[in-house]
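The values are calculated or read from the model by the stated rules, or taken from the named source; none is laboratory data. Keep in mind the model is a prediction, meaning the values are calculated, not measured. In this analysis, Cβ positions are derived from the backbone assuming ideal geometry, glycine residues included, and neighbour counts consider all displayed protein chains.
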Amino acid sequence: MGICLVASCASVAWSQDEPLAFTARVHMGLSATQVYGDQISGFNKFGVSAGATVDIRRKERKGMQWGILYTQKGSRRVPNTKNGDFNSWRYRFTYIDLPLTQVWNPEPEWWWGVGLQPSILIAGEEDFYGNGYTDLTYLELNSIDLGGILQAGFQWSQNMAIEARLSQSLLPISERPAQPVQRWDSFMMNMAIQWLFTWKLG
């Protein structure tokens, strides 16, 4: 409902004298992520990110983008083997991201944008013993992660571009534990960097 309201306000703000132009894009790339509250830092968890967006605008240099992307998020503890530390574990949180951004084109070939990104949780998994991912057991994640997003892209051919996105949860994705435990000492929040190859359709 919030997305509909933002889109409605944006459409009213646009000039009514110019026709809407729609451009569809397909994206595929990688995500590097971390989770605030899991006692480690660093964007050490890598995953897949892919989906599509629609660019909607009346003016050449300003518009709105709405998308749907499959993104693997989470975190990974990197062992420090030089100091005898072989302990490693991983979270993998799979989401469907629904970014809605306002974008500007300072120059025709590149753009930047800012907006909101609700994300729907598809699966929460853990791997603490190196035996592969299993369903998350002791931690309950919220079904929706509401985040903010920044993006920038460069059009390097007529139909192809590269894009970087930085997203951050605006609200916790889990409750704070009653007593801090290993791998969980606070409420959790997702942070993700996405590198995407983009193909413009049509």
Restricting to region 127-160, name every residue that is without any contact (Cβ under 8 Å) to a residue 40 or more places away in the chain and of a type in the set (Val, Ile, Thr).
134, 137, 144
Give just the number: which of (1) over 19 Å from residue 165 (Cβ atoms); (2) surrounded by 14 or more Cβ atoms within 10 Å (Cβ to Cβ); (3) at pLDDT 90 or above; (4) aliphatic (A, V, I, L, M) does residue 52 not satisfy?
(1)
Just to check your reading of the model, which residue among 149, 173, 120 is β-branched (Val, Ile, Thr), surrounded by fewer than 16 Cβ atoms within 10 Å (Cβ to Cβ) and modelled with pLDDT of 90 or more?
120
Condition set part of a strand (DSSP E or B) and surrounded by 14 or more Cβ atoms within 10 Å (Cβ to Cβ), scope region 1-27, selection modelled with the lowest pLDDT: answer is 23
Counting just the residues of region 32-71 that are of a type in the set (Gly, Ala, Ser) and assigned to a strand (DSSP E or B), which one comes out nearest to residue 111 (Cα to Cα)?
63
